[in-house]
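Scroll down for the structure; my scribbles are underneath it.
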Amino acid sequence: FMEVFVELEKLRSEQRREYKTLYGHMALSNSPELAIFKTNRFETCGGKGGIFIKSSRFNHACHPYAACSYRYDESTDTLIFTACNPIKAGEEITISYTTNPTQLMDNYGFYCDCPGCPKPKVAAKQ
């Protein structure tokens, strides 16, 4: 993951500031910069990942509740989002972070509360 630090150094100061405003799930790394990367990366190609600042702000919703699906276009180095249904002005855009909602706590620090997800197990109080 040293490449993350190398790429961060290439950014303009404003871009670095924006990057540092993203949430980083610290259970993924002791380094805030790596935690941000691991929490917000989108898979691009060849097992690599990239940060797309605006897209990293989209909240999670499980399928079929997600408003959009997405794919990476290598030729233009962009994420392409496709609405699952018409999106009204002011409506939140959501994406599915994973196909396995049980991984959300480990990878993102939260449990999904959509109607189709299993409820988290809570330790019984003694």
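What to note about this one:
- Test for I36: is it exposed (fewer than 12 other Cβ atoms within 10 Å of the Cβ) and touching a Lys or Arg at 6+ places or on another chain (Cβ under 9 Å): no
- Subset of region 12-52 [touching a Phe, Trp or Tyr at 6+ places or on another chain (Cβ under 7 Å), under 26 Å from D73 (Cβ atoms) and part of a loop (DSSP other than H, G, I, E, B)]: T44, C45, I51, F52
- Flag for E33 being among the acidic types (D, E) and modelled with pLDDT of 95 or more: yes
- Condition check for C62 on (1) buried (at least 16 other Cβ atoms within 10 Å of the Cβ); (2) touching a strand residue (DSSP E or B) at 6+ places or on another chain (Cβ under 6 Å): one failure, at (2).
- Which numbered condition Y23 misses (of (1) surrounded by fewer than 16 Cβ atoms within 10 Å (Cβ to Cβ); (2) over 26 Å from G116 (Cβ atoms)): (2)
- Test: residue in region 88-104 that is over 28 Å from K10 (Cα atoms) and in a strand (DSSP E or B): yes
- In region 88-126, of all residues being modelled with pLDDT under 90 and among the small types (G, A, S), the one that is farthest from C62 (Cα to Cα) corresponds to A124.
- Top-ranked residue in region 65-86 [being within 15 Å of the chain's Cα centre (by Cα) and among the small types (G, A, S); ranked as surrounded by the most Cβ atoms within 10 Å (Cβ to Cβ)]: A66
- Among residues of region 1-27 that are in contact (Cβ under 8 Å) with a residue 24 or more places away in the chain, those with a beta-carbon under 8 Å from a residue that is among the aromatic types (F, W, Y) at least six positions away or on a different chain give the pairs F1/F37; V4/F37; L8/Y19; H25/Y108.
- The number of residues in region 54-85 being of a type outside the set (A, V, I, L, M, F, W, C) and either at positive phi or part of a loop (DSSP other than H, G, I, E, B) (or both) comes to 9.
- Verdict on N30 being surrounded by 11 or more Cβ atoms within 10 Å (Cβ to Cβ), closer than 18 Å to E3 by Cα and assigned by TED's automatic domain parsing to the domain that holds E9: no
The values are calculated or read from the model by the stated rules, or taken from the named source; none is laboratory data. Model, not experiment: these values are computed from the prediction. Methodologically, a virtual Cβ is constructed for each residue, glycine included, from the backbone with ideal geometry; neighbour enumeration extends over all protein chains shown.
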